[in-house]
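Quick notes on the structure that follows.
The values are calculated or read from the model by the stated rules, or taken from the named source; none is laboratory data. Computed from a predicted structure; not experimentally measured. For neighbour counting, all protein chains shown are included, and Cβ atoms are generated from backbone atoms with ideal geometry for every residue, glycine included. Ligands, DNA and RNA are stripped out before the accessible areas are found, and what is left, the full protein with its side chains, is counted by its heavy atoms. Shrake-Rupley method; radii C 1.70, N 1.55, O 1.52, S 1.80 Å.
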Amino acid sequence: MRKPQTTIIDLAKILKVSPSTISRALNDSPLISSEKKKQILELARSMNYLPNQLALSLFNKRTKILGVIVPEITSYYFSTAINGIQDMVADYGYKLMISQSNESYSEEVRLLEAMNLVRVDGFLISPSSNTTEFDHFKKVKDYGVPMVIFDRDCQGFDVDKVVVDDYAGAFQAVDYLIKTGCKRIAHISGPENLSTARHRKEGYIDALKINKIKILEELIVFGENSSSETGVACMIKLLASKQIPDAVFTYNDAVAIGAMQVIREKGLHIPGDISLVGFDDEPYSAYFNPALTSVWQPVYDLGMLSAKILLNHLESDKVTNGFRFETLKPELVVRETSKSIF
């Protein structure tokens, strides 16, 4: 059975003073003599007194807790972003309450409501792949709780946002494949309702257009999610066509790894027969054989900048007008699954 915690009232009864005197002493008030403060602090230590954080948060109107909601916690991408958030807010005394939506809109709504009930000071949110309506975000915003959306955009919802330039990363990857001599370049896209998937597909299409390569709908396939299993299913579909692609640009590295497995099983060589480029540049990408060419994203910086923008709202007394939309630049990392430029 849990032992009852010592309270200010317990200390006051022992020393025969008012609870307000105890509170002032514990908060180093100049209204309490040094001798009395010493006596109260010694008793508090001996009785393992801990301040009631809930009561303090109600008094200060701050919990010093930030709510973080991401689609998944265990992935390299989001765990790295959370590390960036943590490192940014730690020196300001904030703690994180972290939850994952598992790409579920209804779970995201539930988590947001639960965190709002415990009065977190602000939110950092990467929306689920099924989030197409933003009433739950608007409700929190109307309460006056600051919020930053990161990684995935919520088009039409005005709030501070930090994203990576997915379009530029995709364009760079496909343009490089074209420069290596590839002409029949396929794309395995992510779920169509994800802003990241849409922007990467747009970058793929524009790179083909600018290089005057015909866009073939048969070479664009959509995955249900961003897993290796999706890469397997989509690559099987691409290789079933009469004329197979000579390169594949995938939504992310996990999809690329699934595609790589199918290409090998069909007896084809990478990059001799088919070049392959992923997106995210996860740590394992460099250790596959052949090592995966991928688009690196500044994920840690994404987390840090998102947290910094939120802190600006929380630590400043000034009311800011307008919203920030920050875009970070990705970079193509060329490895062994793509050919060298001629």
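The condition of being touching a Gly at 6+ places or on another chain (Cβ under 8 Å) and either without any contact (Cβ under 8 Å) to a residue 60 or more places away in the chain or open to solvent by 20 Å² or more (accessible area, probe 1.4 Å) (or both) holds for only one of ALA259, ALA254, that being ALA254. Within the stretch 279-337, the residues that satisfy the criterion of being part of a loop (DSSP other than H, G, I, E, B) and among the small types (Gly, Ala, Ser) are ALA291, SER316, GLY322. Just one of (1) over 17 Å from ALA186 (Cβ atoms); (2) in contact (Cβ under 8 Å) with a residue 12 or more places away in the chain fails for PRO271. It is (1).
For the residues SER189, SER195, SER241, the requirement of being of a type in the set (Ser, Thr, Tyr) and either open to solvent by 10 Å² or more (accessible area, probe 1.4 Å) or more than 25 Å from GLU282 (Cβ to Cβ) (or both) singles out SER241. For the stretch 250-262, filtered to residues that are in a helix (DSSP H, G or I) and touching a strand residue (DSSP E or B) at 6+ places or on another chain (Cβ under 7 Å), the residue that is nearest to PRO191 (Cα to Cα) is VAL255.
If you scan the stretch 144-158, which residues turn out to be outside any strand (DSSP E or B) and not aliphatic (A, V, I, L, M)? Quick ask: steps written out before the conclusion?
If we filter the stretch 144-158 for residues that are outside any strand (DSSP E or B), which is where we start, we get 144-146, 151-158.
Passing the criteria: GLY144, PRO146, ASP151, ARG152, ASP153, CYS154, GLN155, GLY156, PHE157, ASP158.
Given the criterion under 25 Å from SER126 (Cβ atoms), open to solvent by 50 Å² or more (accessible area, probe 1.4 Å), in contact with a helix residue (DSSP H, G or I) (Cβ under 9 Å, 6 or more places away or on another chain) and assigned to a loop (DSSP other than H, G, I, E, B), identify the matching residue among GLU229, GLU224. Break it down stepwise before answering.
Details: GLU229 fails: assigned to a loop (DSSP other than H, G, I, E, B).
Every option except GLU224 fails the conditions.
Scanning the stretch 12-61 for residues that are modelled with pLDDT of 85 or more, open to solvent by less than 40 Å² (accessible area, probe 1.4 Å) and not in a loop (DSSP other than H, G, I, E, B) yields ALA12, LEU15, THR21, LYS37, ILE40, LEU43. Residues that are modelled with pLDDT under 95 and assigned to a loop (DSSP other than H, G, I, E, B) were ranked within the stretch 184-208; the one that is farthest from TYR105 (Cα to Cα) is GLY190. Checked against (1) open to solvent by 20 Å² or more (accessible area, probe 1.4 Å); (2) under 19 Å from ASP280 (Cα atoms); (3) among the hydrophobic types (A, V, I, L, M, F, W, C), PHE150 passes all but condition (1).
Condition check for LYS201 on (1) open to solvent by 10 Å² or more (accessible area, probe 1.4 Å); (2) of a type in the set (D, E, K, R); (3) within 20 Å of the chain's Cα centre (by Cα): one failure, at (3).
Is the stretch 162-180 home to any residue that is farther than 18 Å from ILE244 by Cα, open to solvent by 10 Å² or more (accessible area, probe 1.4 Å), of a type in the set (Val, Ile, Thr) and modelled with pLDDT of 95 or more?
To start, the set of residues in the stretch 162-180 that are farther than 18 Å from ILE244 by Cα comprises 162-173, 175-176, 179.
With the extra rule that they be open to solvent by 10 Å² or more (accessible area, probe 1.4 Å), the set shrinks to 163, 165, 167-168, 171-172, 175-176, 179.
Of the ones still in play, those that are also of a type in the set (Val, Ile, Thr) are 163.
Within this subset, residues satisfying the condition of being modelled with pLDDT of 95 or more are 163.
Yes, that holds for at least one residue.
Which of the residues spanning the stretch 140-172 are within 23 Å of LYS95 (Cα to Cα) and free of Cβ contacts under 8 Å to residues at least 12 places away in the same chain? GLY144, the sole residue that qualifies.
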